[in-house]
Amino acid sequence: MLRRILLVVPTLLLGGAAVAVLAPGGLGDPRPRVVTEGPSAEAYRDVVGQAGEMPGWLHNLGEYGGAAGLLVLAGLLARLGWLGWRRSRTPDTLGVLLVGLGTMLAYLVSEALKLVVDQERPCRAFDVVVWVSCPPAGDWSFPSNHSTLAGGLAAGLVLLAPRLWYLAVPVAGAVAALRVVAGVHYPHDVLAGLLLGAAASTALLVALRPGTRR
């Protein structure tokens, strides 16, 4: 038990510290945070500027690509759960449930952070051509919910079935990248989401599932 605690605590601390470093501020300030300077903003301008020149038929990737990636990750996790149930492998089934729970907890934390940080969407901060409709005012940007879900599912899949890393990791990365390319998130939004989701899933698996690989 002590060994598990010694693994869980640093995981949560590192995940929380990374998200805190990436956050643009906002705690205690009722005004929206508008990010127009810094490496993340510059990268956003470059990426979205180039994406705006791409053919219109590619824009559907911004609308549906992220959701499709999440469905792929969720499908892989569901398959692991089904195989665990079919073969009466309780640790496998428990692991799938813990990944799902950890991912949803990370999502709730992500929603709470949005209300604290109040970061304006980059498509409202810059005059750029984006692939999708810019979310309405008050639909804050930091961190990315899509990336949080992708990070939680992918990290859980890698821990439960390491052989799936070659699929889970690129799909999660694609989900996050598409949110930037589509114009609705900064790079630091999606990176924070990936780390938040991964930390939550990893912590729950290490703490509660017997036999989880370090």
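Quick look at the values:
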| item | result |
| --- | --- |
| Distant alpha-carbon pairs in the chain (separation over 31 angstrom), percent | 23 |
| Per-residue ³J(HN,Hα) for region 92-109, Karplus 6.51 cos²θ - 1.76 cosθ + 1.60, θ = phi - 60°, Hz, x for Gly and Pro | 5, 5, 4, x, 4, 4, 5, 5, x, 5, x, 5, 5, 4, 4, 4, 5, 5 |
| Estimated vicinal HN-Hα couplings, Hz - region 175-180 in sequence order (Karplus 6.51, -1.76, 1.60; Gly, Pro = x) | 4, 5, 4, 5, 5, 7 |
| Accessible surface of region 119-214 [probe 1.4 Å, protein heavy atoms]: carbon and sulfur percent | 65 |
| Formal net charge of residues neighbouring A41 (Cβ-Cβ distance under 12 Å; K, R +1; D, E -1) | -3 |
| Where the chain is the region considered: accessible area per residue in Å², 1.4 Å probe | 51 |
| Amide H within-cut-off set for R33, under 5 Å, with H built and near neighbours excluded | Q119, E120 |
| Heavy atoms of Y64 accessible to a 1.4 Å probe, total area in Å² rounded to 10 | 140 |
| Environment charge at L149 (Cβ cut-off 12 Å; Lys +1, Arg +1, Asp -1, Glu -1) | 0 |
| Candidate residues W165, W131, W57: accessible-area rank, largest first, probe 1.4 Å | W57, W165, W131 |
| Cleavage-rule hits, trypsin sites (Lys or Arg not before Pro), region 71-169, DSSP coil, Cβ neighbours within 10 Å at most 16 | R87, R89 |
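The values are calculated or read from the model by the stated rules, or taken from the named source; none is laboratory data. Note that the structure is predicted; figures quoted are calculated from it, not measured. Note that we place each Cβ from the backbone using ideal geometry, even for glycine, and neighbour counts take in every protein chain shown. To get the accessible areas, we keep the full protein, side chains included, count just its heavy atoms, and leave off ligands, DNA and RNA. Shrake-Rupley method; radii C 1.70, N 1.55, O 1.52, S 1.80 Å.
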